[in-house]
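Here the structure comes first, spelled out in structure tokens, and everything after it is commentary.
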2 protein chains.
Amino acid sequence: MIDYPIKRKNRIKQTNYANLGMTLESDIEQTNRYYLSIGRAVIHKKPTPVQVVNVSYPARNKAKIIEAYYKTPSTTDFNGIYKGRHIDFDAKETNSLTSMPLKNIHPHQVEHLKEVRHHGGIVFLIVSFKRHGNYFVLPGTVLFEYWDRQTSENGRKSIPYRAFIERAYEVPIGYQPRLDYLKVIDGWIDGTNR
Amino acid sequence: MIDYPIKRKNRIKQTNYANLGMTLESDIEQTNRYYLSIGRAVIHKKPTPVQVVNVSYPARNKAKIIEAYYKTPSTTDFNGIYKGRHIDFDAKETNSLTSMPLKNIHPHQVEHLKEVRHHGGIVFLIVSFKRHGNYFVLPGTVLFEYWDRQTSENGRKSIPYRAFIERAYEVPIGYQPRLDYLKVIDGWIDGTNR
């Protein structure tokens, strides 16, 4: 093993990246299953959209997709209902210690969140600062402020970590649920958060 | 062409089936795009879930899915927000003139609709009676009644067309929007429908 340090390093790096890439999403899905099981909320992840080009039928009634491509989602990944309120959010991760780059977010996702908010939904991002090891619920209003300002003269292309400390809400981490983000949303519903 | 009557007949039948199979879903999607464009509601179809088994990378950064299978959706196909209310529904078609078979509906879809209703959402089916050429919004409450009763002694395995006439709401058909189902939902929100 000591003979292949570069190969080994690469493999480890790839493995870590894959795990990290899945963690936030699967932690939220585990949390959602828990919420559903205790009757607290009904929130699901939407399937990843796939453009199917070619399907074969090796057996009767069993379609095998043999050519397909991932499509860019036209909305956010998660939505559902909590205490009678429509909830809509996406999950984002960053390796940065100092800010979340706005390029992590698709323009049509922001557009979608704005539309849902306009109709009375609760919209936010769950942001994981991987190297800090913490998670925030970033209210849509704060996201929109930085998003709309980025094209202006002094607009920055990222949301500083400081803004998360001051204007987002840290998500309690636990075993069950893993990321208790609805605890933060309670503040919205009773009016103590915006 | 007159030489291959069977082949021709088969082809026409397949084409018709495919068109009919897509129509209700695409009519609802067109309606949803119209609602979104005039700012009336934000309602989207969820992508069809696909289990990806194998992916190749013929070019950098371009994943080509070469083996995948359709999965049974764990929820309904459509959800969104209208007048601040969470909306959740599925679309069903039937060729029957007399009833909609309950086997058209997956048990987990009914379970999902019940959960959403429990949390205060507006839940229903949009049902197309293809040979009558009409469309109904069937309230979740009516669906649940027939669904729960089907296992009892005199329970039937379908919802009769008569029940649609008496207890569902016919959807106005037009050019834009094609299926104005939110007109029916208005009755829910102002309390004149259940």
Out of the residues in segment A:95-104 meeting the condition of being of a type outside the set (D, E, K, R) and open to solvent by 10 Å² or more (accessible area, probe 1.4 Å), tell me which one is nearest to residue A:149 (Cα to Cα).
A:101
Residue B:153, sole failed condition from (1) among the acidic types (Asp, Glu); (2) over 24 Å from residue B:88 (Cβ atoms); (3) surrounded by 12 or more Cβ atoms within 10 Å (Cβ to Cβ)
(3)
In segment A:49-64, how many are at the interface with chain B (Cβ under 7 Å from one of its Cβ atoms) and either in contact (Cβ under 8 Å) with a residue 12 or more places away in the chain or open to solvent by less than 50 Å² (accessible area, probe 1.4 Å) (or both)?
3
Considering only segment A:67-77, state which residues are open to solvent by less than 60 Å² (accessible area, probe 1.4 Å) and in a strand (DSSP E or B).
A:67, A:68, A:69
From the list B:24, B:97, exactly one residue is more than 7 Å from chain A (Cβ to nearest Cβ), in contact with a His (Cβ under 9 Å, 6 or more places away or on another chain) and over 24 Å from residue A:77 (Cβ atoms). Which is it?
B:97
Only one of (1) in contact with a Leu (Cβ under 7 Å, 6 or more places away or on another chain); (2) within 14 Å of another protein chain (Cβ to nearest Cβ); (3) not hydrophobic (A, V, I, L, M, F, W, C) does not apply to residue B:121, and that is (1)
Under 7 Å between Cβ atoms, at least 6 apart or on separate chains: pull out the pairs that start in segment B:65-84 with a residue that is within 7 Å of chain A (Cβ to nearest Cβ) and end on any residue that is of a type in the set (Ser, Thr, Tyr) and open to solvent by less than 60 Å² (accessible area, probe 1.4 Å).
B:65/A:69; B:66/B:56
So which residues in segment A:138-172 are part of a strand (DSSP E or B) and either within 16 Å of the chain's Cα centre (by Cα) or acidic (Asp, Glu) (or both)?
A:138, A:139, A:159, A:169, A:170
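The values are calculated or read from the model by the stated rules, or taken from the named source; none is laboratory data. All values reported here derive from a predicted model rather than from experimental measurement. Cβ: placed from backbone, ideal geometry, glycine included. Neighbour counts: every protein chain shown. Only protein heavy atoms, including side chains, enter the accessible area calculation; ligands, DNA and RNA are left aside. Shrake-Rupley method; radii C 1.70, N 1.55, O 1.52, S 1.80 Å.
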